[in-house]
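Working notes for the structure below.
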Ligand SMILES: NC(=O)c1ccc[n+]([C@@H]2O[C@H](COP(=O)([O-])OP(=O)(O)OC[C@H]3O[C@@H](n4cnc5c(N)ncnc54)[C@H](OP(=O)(O)O)[C@@H]3O)[C@@H](O)[C@H]2O)c1
């Protein structure tokens, strides 16, 4: 097992990619704290971990777009986990719209959830990792950080910011034994975008993998970046994109 004895905090683990990461980390021996707003799905994810892997898992309901949510989460995580060995900044929202139609509220929500929350959580947990001389921070970005998409200007900019934070944090925390890396998925079949994917099957003709990703594809990459086998890997963005960015 890759993560025996480790503690992990995974944001946005009440659904999709985050839930798959939480389950995969539990399978590999980690104690996982699941974060999201939807308590029903959060508790279901915890129960799944307990039933399937017989491991401790917890859920904490927090709105990461609010300072109150972040502060409560940091306090709770330190109380129940003690130390956080692995932080996965996965929670995000992705409203798509032409630039002129993006409201001030949406602009603030996207930046708060996709950029400010990872920033504040890293600021909260990285110092103790530095003190222990070890830790793993994984940011879930997107291929939209590297390519322009009409309708995705705001989302892509938020993910590009997170990709840049990944590089800056590698320089800031890497010398103290903390690995900071990112994973950039392309289209992953999760509940939030399943219908859109069904309608976009023609995209597969130009994708080397000829299939959309599963959340588990992303989770396997997260295990690598969370475990000891990636100790010499700093500041990368690993595309888990079926070859999308390569061609
Ligand atoms: N699916 C894709 O094709 C794809 C492609 C590229 C990148 N990504 C990235 O992968 C990550 C996960 O995507 P996904 O498809 O798994 O999304 P998803 O199924 O919509 O899940 C999003 C998760 O984020 C949480 N979340 C959103 N806003 C939150 C807030 N304000 N406070 C707390 N939690 C919040 C949700 O929790 P609640 O519902 O409980 O609030 C949920 O657990 C995101 O960073 C996304 O940008 C996804």
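Just so you know, all these numbers are worked out from the coordinates, no wet-lab data involved. Bear in mind that the values here come from a model prediction, so they are computed numbers and not experimental data. For neighbour counting, all protein chains shown are included, and Cβ atoms are generated from backbone atoms with ideal geometry for every residue, glycine included.
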If I build a Gaussian network model for the chain, linking alpha-carbon pairs within less than 10 angstrom, which residue out of 138, 86, 49 has the largest mean-square fluctuation?
49
How far is helix 67-81 tilted off the main Cα axis of the chain, in degrees rounded to 10, range 0 to 90?
40 degrees
Calculate for the chain the 222 nm mean residue ellipticity that helices alone would give, adding -39,500 (n - 2.57) per DSSP H run of length 4 or more and normalising by residue count, nearest 500 deg cm²/dmol.
-13500 deg cm²/dmol
Zone of residue 229 (label point 7 Å along Cα→Cβ, backbone N under 20 Å): which residues in the stretch 11-42?
20-31
Rule-of-thumb Rg ratio for the stretch 7-246 [Cα; 2.2 N^0.38 Å; N residues]:
0.96
With Cα coordinates, the longest principal axis of the chain makes an angle with the long axis of helix 215-226, in degrees rounded to 10, of 50 degrees
With the contact rule set at Cα under 8 Å and sequence spacing of 6 or more, what percent relative contact order holds for the stretch 74-133?
46 percent
If packing is taken as the average count of other Cβ atoms within 10 Å, what order do 183-193, 90-100, 12-22 fall into, highest mean first?
12-22, 183-193, 90-100
When 214, 141, 105 are arranged by how many other beta-carbons sit within 10 Å of their Cβ, fewest first, they go 105, 214, 141
Using packing as a proxy for protection, rank 123-132, 196-205 so that the peptide with the highest average count of other Cβ atoms within 10 Å comes first.
123-132, 196-205
Can you tell me the 0 to 90 degree angle between the C-alpha axis of helix 16-27 and the longest principal axis of the chain, rounded to 10?
30 degrees
Quick one: compute the contact order of the chain, relative version, from alpha carbon pairs under 8 angstrom and 6+ residues apart, as a percent.
20 percent
Taking Cα centroids, how far is the stretch 1-56 from the stretch 150-204 in Å?
20 Å
Under a crude label model (7 Å from the Cα following the beta-carbon direction), how far is residue 202 from residue 168 in nanometres?
4.1 nm
In whole angstrom, how long is each semi-axis of the equivalent ellipsoid of the stretch 117-195, when you take the square root of 5 times every eigenvalue of its Cα gyration tensor and sort them from largest down?
28, 13, 10
